[in-house]
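The values are calculated or read from the model by the stated rules, or taken from the named source; none is laboratory data. All figures in this text were calculated on a predicted structure; none of them were measured in a lab. With ideal geometry, Cβ positions are generated from the backbone for all residues, glycine too; neighbour counts draw on all protein chains shown. Note: areas computed on protein heavy atoms with side chains; ligands, DNA, RNA excluded. Shrake-Rupley method; radii C 1.70, N 1.55, O 1.52, S 1.80 Å.
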Amino acid sequence: MCGIIGYIGKKEIVPLLLTGLKRMEYRGYDSAGLSILDSSSELKSIKKKGRVNDLELASMDLNVKGIIGIAHTRWATHGYPNDINAHPHFDTKMNISLVHNGIIENYSIIKQKLIQEGYSFRSDTDTEVLAVLIERFYDKVKDLEYAVRLALNEVNGTFGIALISKYEPNKIIAARRGSPLILGIGDNEYLVASDASAIIEHTKNVIYLNDDEMAILSPDGFITKTIANKKVKSEIHQLEFDLEQIEKGGFEHFMLKEIFEQTQTIRDAMRGRLLVDEGNVKLGGLRSVRDRIRNARRIIITACGTSYNSALVGEYLIEQLAHIPVEVEYASEFRYRSPILFEDDFVIFISQSGETADTYAAIQEAKQRGATCLGIVNVVGSSIARATDAGIYIHAGPEIGVASTKAFTSQLTVLSLLALYLGRMRNLSTIDGIKIAKELEALPDKVQMILNGASEIERIANEYYQSRNFLYLGRGYNFPIALEGALKLKEISYIHAEGYPAAEMKHGPIALIDKNMPVVVVAPKDEIYEKVVSNIEEVKAREGRVIAITNYGNTDLEKLVDHCIYIPDTLPLLTPILTVIPLQLLAYYTARLLGRDIDKPRNLAKSVTVE
Ligand code: G6P
């Protein structure tokens, strides 16, 4: 969370920084700010509560020419979102300007010490403490880079930082520990940013900084080293996406664009991997662990948010097809409860961004205990992708809408491939493998059929968007889909929604049901369909309003429920990839009718790089 960008080069700097911030706004959007070193090496800064647009309006009068600048869009951790707490933060003399993503955990102890030494503070943030600490060291050593290194040695927690100073006006100093930072290497221009989306417009050549590394950018080049001042050899990578992929392309919102991209993204997740005739799967990213994973004693999958919901589907898939015991756990719980792991355990980390702090920290926990770590990640080169021993990219392309949609179905697709791969290495027959592979191959066209019916879902949203609560029910493979449907609605419409295993309804949620309660029931025709119908009967007996997701042709259900949304037939284990799509659309249209800020819902951020 929080997006930072720094630039050294010849382009007009204020618009460049603002555009960079807009591209990263999904990382945080409660306040924003920027600092420029002007031609006489004076620091010019502006900070504003609100969106990057508010900063843009405020900076209209900031007529500065300069070649060096930094900027930040914030998701508040310490201190209310207001102009003062917005980044950049400064030292007491206003000669150093710092932007920061992460949390300085020991900031209050350091702040007390600095106050005792006579330093004063303007904001409530942890970041300002770091800026003043750098000042304290600079006053002693008169060398900016050295002062930064000394200060970073004193802090605990996480940081991705960029700073500029009138003391040494020809450089940006950047450093990371636990928060992402990417360097962009252009033609006589250099950038640093939290996210490749802010860099792609200028260059595709990037360096991913590792933890405890820093970079010093100047008009003539850059150097990278460790914070402990040891040389590092940084490899230049090529970004694999284009600018148009991070633009709306005619859709009203990124979320809608991303929902409609799923026909393609599911196909991309399978591309080159599915061997239909052999009923098998090729996963190049697992080559190095192939023999060991065949004999895995247990698989643990850990993730947060929507990725956690996909992990739950993964549990059902892997246990059914490969007969390997699977446990699923929130990364935030896993990392703090001293999990018992064995050397023949595999831990899978699922993350769209590849930067979620809890998931990333869980990798260190698993590694320390000797388990093999696999990543299922979207963002190529992200921290989680690099920290795991092996992995599978989902190749969904940049996902900008804060509420995850296409990454979820791509995660499900990859988990299905993985389950098939593991199953075929163990006991799954070729015939069964071919059946599953053929159904997987057919999924994108089936997704398109559901998307073609979007207007019907919009009509249903029209009927229920003023409801205060929603209940989502599902069983088996579609229990996690009930959770995901409820999560989508909560995130973007702010309507309270709960997901439940359908049969658990009678142990609590049934008390909530009356004629004002819409209940969304995921009821594909599978082996537990009849049981789900009984649960629907229980809702109807209490006058609840039921929206059911079921298969085309299952007209029987129409008599019982208020609305049916249809999906094409597939194997029960693949239904989640289809059933979730109407739920994404229902959440989207509901939020649109309520006039919500769909791509940037309040209080959320896309990439949660703090605990
Ligand atoms: C945030 C996002 C969610 C996402 C979760 C996990 O809460 O708003 O959409 O599911 O983080 O993110 P990850 O990038 O690790 O999948």
>> Of everything in the stretch 148-182, what is charged (D, E, K, R) and part of a strand (DSSP E or B)? Give them in sequence order.
In response: ARG176, ARG177
> Only one of (1) open to solvent by less than 20 Å² (accessible area, probe 1.4 Å); (2) away from the ligand (no atom under 16 Å from the Cβ) is not met by SER404, so which one is it?
Replying inline: (2)
>> Test of understanding: among ALA591, ALA548, which residue is buried (at least 22 other Cβ atoms within 10 Å of the Cβ) and within 16 Å of the ligand (Cβ to nearest atom)?
In response: ALA591
> Considering only residues of the stretch 443-476 that are assigned to a helix (DSSP H, G or I), touching a Ser or Thr at 6+ places or on another chain (Cβ under 6 Å) and not polar (S, T, N, Q), which is surrounded by the most Cβ atoms within 10 Å (Cβ to Cβ)?
Replying inline: VAL447
>> Pairs needed: first member in the stretch 27-38, touching a residue at least 40 places away in the same chain (Cβ under 8 Å); second member anywhere, aromatic (Phe, Trp, Tyr) and open to solvent by 10 Å² or more (accessible area, probe 1.4 Å); C-beta distance under 7 Å; at least 6 residues apart or different chains.
In response: ARG27/TRP75; GLY28/TRP75; ASP30/TRP75
>> Condition first: closer than 18 Å to VAL52 by Cβ, of a type in the set (S, T, N, Q) and open to solvent by 30 Å² or more (accessible area, probe 1.4 Å). Now tell me which residues in the stretch 76-102 satisfy that.
In response: ASN82
> Which condition breaks for ALA331 when tested against (1) in contact (Cβ under 8 Å) with a residue 40 or more places away in the chain; (2) within 26 Å of the chain's Cα centre (by Cα); (3) within 29 Å of ARG475 (Cα to Cα)?
Replying inline: (1)
> How many of the residues making up the stretch 537-546 are out of contact with any helix residue (DSSP H, G or I) (no Cβ under 6 Å at 6 or more places or on another chain) and closer than 21 Å to LEU483 by Cβ?
Replying inline: 4
>> Here is a list: GLU498, GLU484. Which entry is of a type in the set (D, E, K, R), within 30 Å of ASP597 (Cα to Cα), open to solvent by less than 50 Å² (accessible area, probe 1.4 Å) and not assigned by TED's automatic domain parsing to the domain that holds LYS257?
In response: GLU484
> Among the candidates THR409, THR413, which residue alone is within 14 Å of the ligand (Cβ to nearest atom) and within 30 Å of ARG23 (Cβ to Cβ)?
Replying inline: THR409
> Here is a list of conditions, (1) in a strand (DSSP E or B); (2) more than 24 Å from PHE222 (Cα to Cα); (3) modelled with pLDDT under 95, and LYS44 meets all of them except one; can you say which number that is?
Replying inline: (2)
> Going by the structure shown, is ILE266 at pLDDT below 95, β-branched (Val, Ile, Thr) and buried (at least 21 other Cβ atoms within 10 Å of the Cβ)?
Replying inline: no
> For the stretch 39-50, what are the residues that are in contact (Cβ under 8 Å) with a residue 40 or more places away in the chain and either crowded, with 20+ Cβ neighbours inside 10 Å or at negative phi (or both)?
Replying inline: GLU42, LEU43, SER45, LYS47
> In the stretch 321-351, what residues are within 16 Å of the ligand (Cβ to nearest atom) and buried (at least 23 other Cβ atoms within 10 Å of the Cβ)?
Replying inline: ALA331, PHE334, VAL347, ILE348, PHE349, ILE350, SER351
> Any residue in the stretch 565-582 that is part of a loop (DSSP other than H, G, I, E, B), within 16 Å of the ligand (Cβ to nearest atom) and open to solvent by less than 10 Å² (accessible area, probe 1.4 Å)?
Replying inline: no
> When the residues of the stretch 356-373 are filtered to those that are open to solvent by 20 Å² or more (accessible area, probe 1.4 Å) and either under 14 Å from the mean Cα position of the chain (by Cα) or among the basic types (Lys, Arg) (or both), which remaining residue is nearest to the ligand (Cβ to nearest atom)?
Replying inline: THR356
> Could we say that SER31 is polar (S, T, N, Q) and within 30 Å of GLN352 (Cα to Cα) here?
Replying inline: yes
> Out of all the residues in the stretch 336-380, which are within 15 Å of SER179 (Cβ to Cβ) and assigned to a loop (DSSP other than H, G, I, E, B)?
Replying inline: SER353, GLY354, GLU355, THR356, VAL379
> Out of the stretch 301-320, which residues are away from the ligand (no atom under 16 Å from the Cβ) and open to solvent by less than 10 Å² (accessible area, probe 1.4 Å)?
Replying inline: LEU317, ILE318
>> Given the condition part of a helix (DSSP H, G or I) and either closer than 20 Å to VAL192 by Cα or of a type outside the set (Lys, Arg) (or both), answer yes or no: does some residue in the stretch 6-13 qualify?
In response: yes
> Does LEU34 satisfy the condition of being in a helix (DSSP H, G or I), out of contact with any His (no Cβ under 6 Å at 6 or more places or on another chain) and not β-branched (Val, Ile, Thr)?
Replying inline: no
> Picking from ASP291, ASP277, which residue would you name as being open to solvent by 40 Å² or more (accessible area, probe 1.4 Å), in the same structural domain as VAL402 (by TED's automatic domain parsing) and in contact with a helix residue (DSSP H, G or I) (Cβ under 8 Å, 6 or more places away or on another chain)?
Replying inline: ASP277
>> Being away from the ligand (no atom under 15 Å from the Cβ) and outside the structural domain of LYS490 (by TED's automatic domain parsing): is that true of ILE376 here?
In response: no
> Checking VAL64 against (1) within 16 Å of LYS166 (Cβ to Cβ); (2) assigned to a helix (DSSP H, G or I), which single condition isn't satisfied?
Replying inline: (2)
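Rundown of residues vs (1) open to solvent by less than 50 Å² (accessible area, probe 1.4 Å); (2) hydroxyl-bearing (Ser, Thr, Tyr), yes/no style:
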site: TYR146; (1), (2): no, yes
site: LEU183; (1), (2): yes, no
site: ALA193; (1), (2): yes, no
site: ILE199; (1), (2): yes, no
site: LYS204; (1), (2): no, no
site: THR224; (1), (2): yes, yes
site: VAL232; (1), (2): yes, no
>> With the requirement that a residue be under 17 Å from LYS282 (Cα atoms) and of a type in the set (A, V, I, L, M, F, W, C), what does the stretch 432-455 give you?
In response: ILE434, ILE436, ALA437, LEU440
> What's the number of the condition TYR393 fails, among (1) open to solvent by less than 10 Å² (accessible area, probe 1.4 Å); (2) of a type outside the set (D, E, K, R); (3) within 14 Å of the ligand (Cβ to nearest atom)?
Replying inline: (1)
